[in-house]
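Notes for the one structure printed next.
Any read-out appearing in this document is the output of simple, stated calculations on the displayed coordinates, not a laboratory observation. Fair warning: this is a prediction, and the values are worked out from it, not measured in the lab. In this analysis, Cβ positions are derived from the backbone assuming ideal geometry, glycine residues included, and neighbour counts consider all displayed protein chains.
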Amino acid sequence: MYKRNAVMTGIAAGFLLLSTVAVANDPATKSKTAGQATDDAALLSKIKSALVNDEQVKARQVNVEVYQGQVQLLGFVDTPEQKAAAGRIAANIAGARNVRNNLEVQAADRTAGQAIDDGMITSKVKAALIGDSRTKAHQIDVNTREGIVQLGGFVDSAAAKAAAAEVAESVDGVKNVQNRLEVRN
């Protein structure tokens, strides 16, 4: 157990460092003060660390976005209990407010081929977002499960939100798009 905790502590420290660097270098955070960007990075790191340390939640299935203390959980989990646990964990972290639990429950019984297909769709959607001048791809998380694409994160305008959905819908293999993007205030 000690070894697992030491590894988890190291992972948490890595999340904090990467989160701080990513938030500080994200052009979208330029409207935030340095304090707000640091607070969001620290909150992101605390939530991810808590998810990693939870036995019930598969942290790799949960993407976390934070903007001015607002938290968004996105991804596909295996059970309703995992979804509830992830939401509870995020809500219990000091500084988290208005947690949006956009996790979708879908059974884990996918073949390796389906997982690879979903990965390809995710890559194609990300590439299409990068190639579209109406979207800032770095603001958008993309998850795919069985051809269903989830878009999440915080974007600058309603037009950017709509454009991201339009771009994702145009990608071959996409069966449905769940647009969970939120417009920054």
Using just the C-alpha positions of region 97-185 as equal point scatterers, what log10 of I(q)/I(0) does the Debye formula give at each q in 0.10, 0.15, 0.16, 0.21 1/Å?
-0.25, -0.54, -0.61, -0.97
Could you list Ser170, Ser49, Ser133 in order of exposure, starting from the residue whose Cβ has the fewest other Cβ atoms within 10 Å?
Ser133, Ser170, Ser49
Could you tell me which of the pairs Lys48/Lys83; Lys46/Lys161; Lys48/Lys136; Lys124/Lys175 are separated by over 21 angstrom between their Cα atoms in the structure shown?
Lys46/Lys161; Lys48/Lys136
Mind sorting Thr144, Thr79, Thr111 by how few other Cβ atoms lie within 10 Å of their own Cβ, fewest first?
Thr111, Thr79, Thr144
Spin-label model distance (nm) - Ala34 vs Glu55, 7 Å beyond Cα toward Cβ:
4.3
Virtual spin-label span in nm between Asp132 and Asp109, 7 Å along Cα→Cβ
3.5
Label-to-label distance, nm, for residues given as Met120 and Asn101 (7 Å Cα→Cβ offset):
3.5
Built amide H within the under 5 Å cut-off of Gly153, gap 5+
Asp141, Glu182
Packing-based exposure ordering (other Cβ within 10 Å, fewest first) of Val66, Val155:
Val155, Val66
